[in-house]
Amino acid sequence: MIGASAAFAMMWAAMSSLSSGPVPYNVAVAADAARVETPAPEIGSTDASPEIASDLDAAQAELMAGDPDWRASARLYHAGGGGATGNDSLGCRPIAMRTVAVDPRVIPRRTKLFIRETVGLRLADGSIHDGYWYASDTGGAIKGQKIDLYTGHGRGSMAQARRLNMQTLTIADAGRFDGCPPAWENASN
């Protein structure tokens with residue numbers, strides 16, 4: 001079995017060798033399939049890459065190894081098209097792939113969360129998620145053991161986290177935060 005990058009290279013070569021005219025359907029479909037990126041493996045899975053596991057700092061490793069504080073069913077939400085509009089329930093601008101809407105009777109607002117299943121998740125900009133999220137929003141449909149993960153602006157922003165939708169996630173309490181959730185550059189501090 002060949003890897004996706006090798007398959008893509010073979011398909012690209014086949015497509016490039018055609019001097020002109022239409023590309024055969026099976027070549028185009030195979031090239032598209034080879035180009036589709038597989039989601040980053042979960043750290044807890046047997047497919048986890050050693051480089052992601054070795055990149056965990058001591059705090060992340062402790063949160064990964066410890067018992068979870070919550071298990072919650074995840075949904076995704078985005079800005080635009082009937083999704084989130086304006087500020088979160090703290091009056092802050094939501095931060096893509098950081099803001100979480102919670103039921104404050106279950107997970108208190110202003111809780112810094114560590115969601116194990118998001119560690120190693122490849123983001124749209126190519127960076128890798130460190131697992132930290134911020135409970136700064138609430139919602140009428142968020143009742144009990146449910147959370148909504150904010151993915152950004154537009155339906156397309158949900159693609160990077162689609163595999164998490166409707167999944168039960170393992171969540172650890174990583175402390176509290178004041179003010180608004182931090183920007184990506186300093187979010188894991």
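The values are calculated or read from the model by the stated rules, or taken from the named source; none is laboratory data. These numbers come from a predicted model, not from an experiment. Ideal geometry is used to build each Cβ from the backbone, glycine not excepted, and the neighbour counts take in all protein chains shown.
Specify the residue that is surrounded by the fewest Cβ atoms within 10 Å (Cβ to Cβ); the eligible residues are those in the stretch 159-189 that are aliphatic (A, V, I, L, M) and modelled with pLDDT of 90 or more. Residue satisfying both the conditions and the ranking: Met166. Among the residues in the stretch 157-168, are any in the same structural domain as Ser89 (by TED's automatic domain parsing), within 18 Å of Gly66 (Cα to Cα) and without any contact (Cβ under 8 Å) to a residue 40 or more places away in the chain? There is no residue in the stretch 157-168 that is in the same structural domain as Ser89 (by TED's automatic domain parsing), within 18 Å of Gly66 (Cα to Cα) and without any contact (Cβ under 8 Å) to a residue 40 or more places away in the chain. Could we say that Thr118 is closer than 15 Å to Arg71 by Cβ, surrounded by fewer than 19 Cβ atoms within 10 Å (Cβ to Cβ) and among the hydroxyl-bearing types (Ser, Thr, Tyr) here? No; evaluated as a whole, the condition is false for this residue.
Gly140 passes every criterion in (1) in contact (Cβ under 8 Å) with a residue 12 or more places away in the chain; (2) surrounded by fewer than 22 Cβ atoms within 10 Å (Cβ to Cβ); (3) not β-branched (Val, Ile, Thr) apart from (1).
Let's see how each residue does on (1) of a type in the set (A, V, I, L, M, F, W, C); (2) within 19 Å of Cys180 (Cβ to Cβ); (3) outside any helix (DSSP H, G or I):
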| residue | (1), (2), (3) |
| --- | --- |
| Ala61 | yes, no, no |
| Leu76 | yes, no, yes |
| Cys92 | yes, yes, yes |
| Val100 | yes, yes, yes |
| Gly120 | no, no, yes |
| Ser136 | no, yes, yes |
| Lys143 | no, no, yes |
| Tyr150 | no, yes, yes |
| Met158 | yes, no, no |
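Given the options Ala79, Ala135, name the one that is without any contact (Cβ under 8 Å) to a residue 40 or more places away in the chain and of a type outside the set (Phe, Trp, Tyr).
Numbers: Ala79 fails: without any contact (Cβ under 8 Å) to a residue 40 or more places away in the chain.
Within the list Ala79, Ala135, the selection yields Ala135.
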